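First comes the structure, then the notes that go with it.
The values are calculated or read from the model by the stated rules, or taken from the named source; none is laboratory data. Values in this document were obtained by computation on a predicted structure and should not be read as measured data. Please note: Cβ atoms are built from the backbone with ideal geometry, for glycine as well, and neighbour counts cover all protein chains shown. Remember, those area values only see protein heavy atoms, side chains included, never the ligands or the DNA or RNA. Shrake-Rupley method; radii C 1.70, N 1.55, O 1.52, S 1.80 Å.
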Amino acid sequence: MAERRPILAGSPVCWTILKFVVLGPLLRLLFRPRVSGLEHIPLTGGAIVAANHVSFLDPLLLPLVVPRRVMFLAKMKYIDKPLLRWFLRAVGVIPVATDEPGGIPGAAGAAGAAGAVAAGVRAVRDGRLVGIFPEGTRSPDGRLHRGKTGVARIAIQAGVPVIPAGITGTDLAFPRGARLPRPRSVRIAFGPPISFPAPADAACAGTAAPGTAAAPGTAAAAGGYPALTRRATDQVMAAIGALSGQQAGADIT
């Protein structure tokens, strides 16, 4: 059984102060984000925002432009850092164990990965907007790399849509190896929501009936449909690539 990983719910008051008083105005001044497609973000209810990841600025600027709170999956190694611990606990994150490569690996049956997926499912079923970078880490070369299947596993089990997002310019504003960011306009584009049906044979596998979300802890939830979740993840990555304009990495066939 997957471990029941805690969700760090964060503080709405801290989130509001950081977004509109402390960090938000400075980030807008420095990076002048140009945004399109916000109409695709649901104002209420659970959903996933899945974006490319090219800079440490991405998880700061994406929630800045979204009109509701975004809860990201965050690696434990960042939560454990003294300088980041307070910030991440204040804004609210879903912890992902450090030994889970790329956040959520696609291999079925990995207990740690199933724990992260289960936490993500709980968050969206509670009506939260969850942010995921499916590549799992920053792109090392600016290209769009193959996504981990956790985004599809959460979406399919919880029965929520995935809103793709393409971020451009943050790799130039805060490139790898730079000590400080550089003032530069960035762009964030959101695409139409992508929805996935439950596996057609879910009833035979002891999960949900066709057209409904899979039940918690079932084979579908744990990645028991690898071909389905791989195709769904590739569909999300293709939508992200169309929005970001990135060249596909060698690991995308």
query: Is there any pair linking a residue in the range 19-42 that is under 15 Å from residue 187 (Cβ atoms) to one that is open to solvent by 100 Å² or more (accessible area, probe 1.4 Å) and not hydrophobic (A, V, I, L, M, F, W, C), with Cβ under 9 Å and at least six apart or on different chains, and which?
result: 30/182; 30/184; 31/184; 32/184
query: Which residues, counting only those in the range 42-57, are open to solvent by 10 Å² or more (accessible area, probe 1.4 Å) and out of contact with any helix residue (DSSP H, G or I) (no Cβ under 6 Å at 6 or more places or on another chain)?
result: 42, 43, 44, 45, 53, 56
- request: Could you please find all residues in the range 1-34 being at pLDDT below 95 and among the charged types (D, E, K, R)?
  value: 3, 4, 5, 19
- prompt: Here is a list of conditions, (1) in a helix (DSSP H, G or I); (2) touching a Leu at 6+ places or on another chain (Cβ under 7 Å), and residue 121 meets all of them except one; can you say which number that is?
  reply: (2)
statement: Filtering helices (runs of 4 or more DSSP H) wholly in the range 135-253 for at least 3 residues that are more than 21 Å from residue 123 (Cα to Cα) and modelled with pLDDT under 95 gives 226-244
